[in-house]
1. Hey, what angle do you get for helix B:238-259 against the long axis of chain B, alpha-carbon based, 0 to 90 degrees rounded to 10?
2. Shielding of B:243-251 by partners, i.e. mean partner chain Cβ atoms within 10 Å per residue?
3. Find out how many positive minus negative residues lie around B:N239, taking Lys and Arg as positive, Asp and Glu as negative, among other residues whose Cβ is under 13 Å from that of B:N239.
4. Just add up the charged neighbours of A:V110: K/R +1, D/E -1, any other residue whose Cβ is under 15 Å from the Cβ of A:V110.
5. Using Cα atoms only, what is the angle between the long axis of helix B:41-53 and the major principal axis of chain B, expressed in degrees (0 to 90) to the nearest 10?
6. Would you please classify the overall shape of chain B from the alpha carbon gyration tensor, given that a ≥ b ≥ c denote the square roots of the eigenvalues, rounded means a/c under 1.5, and beyond that prolate means a/b larger than b/c while oblate covers the rest?
7. What are the residues whose amide H is under 5 Å from the amide H of B:Y342, where those residues sit 5 or more places off or on another chain and H is modelled from the backbone?
8. Which ³J(HN,Hα) values in Hz, rounded to whole numbers, follow from the phi angles of segment A:202-219 under the Karplus curve 6.51 cos²θ - 1.76 cosθ + 1.60, where θ = phi - 60° and Gly and Pro get x?
Amino acid sequence: MDMVSFLSATVVAGTPLLYATLGEILTEKSGNLNLGVEGMMLIGAVAGFISAYTTGSPLFSIGMAMIAGAAGALVYTFLTVSLRANQVVTGLTLTIFGTGLSSFLGQKYVGQVVPDNVKNFFKPLNIPVLSNIPFLGKILFSHDILVYLSIIIAIALGIYLYRTSVGLNLRAVGENPSSADAASININLYKYINLMLGGAICGLGGAYLSLVYVPTWQENITSGRGWIAVALVIFASWNPYKAIIASYLFGGLDIIGFRLENAVISKYFLDMLPYLGTIVALTVFSAKKSRKNSPPKHLGLPYFREER
Amino acid sequence: MLRLVKRENIDKGTNIRIRLLFLFFSFIAISIFLLILNYNPIEVFRGMLSGAFNTSYRIKQTIITAIPLIITSIGISIAFKMKYWNIGGEGQILIGAFGAALIALNFPDMYKPLLLTVMFITAVILGGFWAVISGILKVYFNTNETIITLMLNYIALKFITYLQYGPWKDKKAMGFPKIPNFSDNAILPSIGGIHIGLIIALIIVVIGYLFMKHSKMGYEITVLGESKNTARYAGIRINKTILTAVFLSGALCGLTGFIQSSAVSQTLSIEVAGGVGYTAIIIAWLSNLSEPLMLLVSILFAALLQGSSYIQTAAGIPKSVALILQAFILFFILGSELFVKYKIAANERRAA
């Protein structure tokens, strides 16, 4: 097996996971646990695919995928923030909704392929100089623009969360909303904007699957990646930079099945690897408790100003 | 300015009225959604109703569809009462069905009542085991059970796919990837066109109700769901309670697996769970985790499923519309909760 091409494929397979993980990190930093990642990815995937199929415009498709993901997040945010509904059940419902909607809207398109000009737009691009670095150039710098965009978003998210005052306010909202409220931070506004941004990024991750990675429409195209992303947030300890590494690691588990096709182990057991890997990693990371790795303190809890 | 005021005591009438109002809203929203997609909502609803109830055959099919929903939602609700989010019903059903098939395929000639009993026991134990993996990880390593149970769904599905395409593949099926059918001895009997899984389901509703409302264990599960600290002060052994409840939760899903594989598909296949594990989550939550309500809501959801597969053939509307309808209803009921617990009042101005 060619190591360089394997690692390069790992980056591509990890990219949808990276988008979803980044979207969920932003969401959880705002103090909300959104288990609808899988749903938002599916809505984004179907919106992106249908847009690409009908208009042939790659940028419009990406835009629609992000809007669709954000719309899913808007429903979640309205229910959990404004109406203080249970976050776990609302997120689950969003996943069920996304599964149904993507299957409903996508049924006409099952087996259809993304138009050629969209495909060409997303073909691997070499970055001058960087692509010529031996070994690393092929692994990191010879991909489509959405791979680069995901890394840019990761870095931008890191800067936003750790280096800007708005990001600091956001973390306060997630850690201790009553203090944030007392400091006259508009909690609901922060949650609405950041959760919807998170949803948009998840939608983009879904579109990466339907437009670039597969790029054919098939039902349930995410096959659990949204859920793996929820776990990856924990391995990455809510840190966007670590999310890059965690996502690529799981991208590797995702494709190892194809690569070892002729091996003694059945393909179906190799297909289990990402899910088994999630269980093992989640167990190890949950057992290891430290202040640095802990979730935002108010994660998953509704904020009742009236009960302050 | 408007603000929320906690209702002092929530009377049942108001509770039901608010929920019904929101259920009505959800149907308005669904109608608008269908109109946007260029379908006539009235025709869709009428088609679904006739698909579910129009002939006695269809009514029977609806009841048969309700059976796994009833048992699984009661199973899942045991964990949900502890605020333990077991969303692994789908995988637990598959593993239960695997247990039933393991016995059925190896001992096809065993005496029928004995064979069915052994299948039942194996399915229940394996279903419980599959769920309790997440419980053990939760208790000893504090892992998030939602993710673990979901990952176990995918692993179970891959495992059954492996059996279906690999070692258990029917050699007589001319290359078609299916597992051999069970022998007649391994198939649950029917009465009047409905298999006796219905009786099992009704028994489970009664036992489930008595267990949660009148047993010590059921009480402990409820207390634990309210507050871990209260449970600790009350001397409840938390870990033991969690593990037992999670096992029971999975065991009932395993029972569903046994019934579906034996009476409905009459073999093991990757379709044996068919989304029941997920639909049951919605049913359990909509029913406020009350057993009699789960029975009722399961029948309504079975009608929804039957109706939507009918309109798929009759009117060409994809049957995934059922999932969308379920999600819409649940979104609205989730939204109603605030208005059940709080009322909106205008801020009274104090006299200056």
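1. Roughly 50 degrees between the two axes.
2. The per-residue average across the peptide is 0.
3. Once all neighbours under 13 Å are counted, the net charge is +4.
4. The answer is +1.
5. Long axis of B:41-53 versus the principal axis of chain B: about 50 degrees.
6. Oblate is the answer for chain B, as a/c is 1.5 or above yet b/c matches or exceeds a/b.
7. For B:Y342, whose amide H was placed from the backbone, the distant partners under 5 Å are B:R7.
8. 4, x, 4, x, x, 5, 4, 5, 7, 9, 10, 6, 7, x, 10, 7, 9, 5
Values in this text are rule-based calculations from the coordinates and carry no lab data. On a predicted model such as this, the values are computed, not experimentally measured, just so you know. For neighbour counting, all protein chains shown are included, and Cβ atoms are generated from backbone atoms with ideal geometry for every residue, glycine included.
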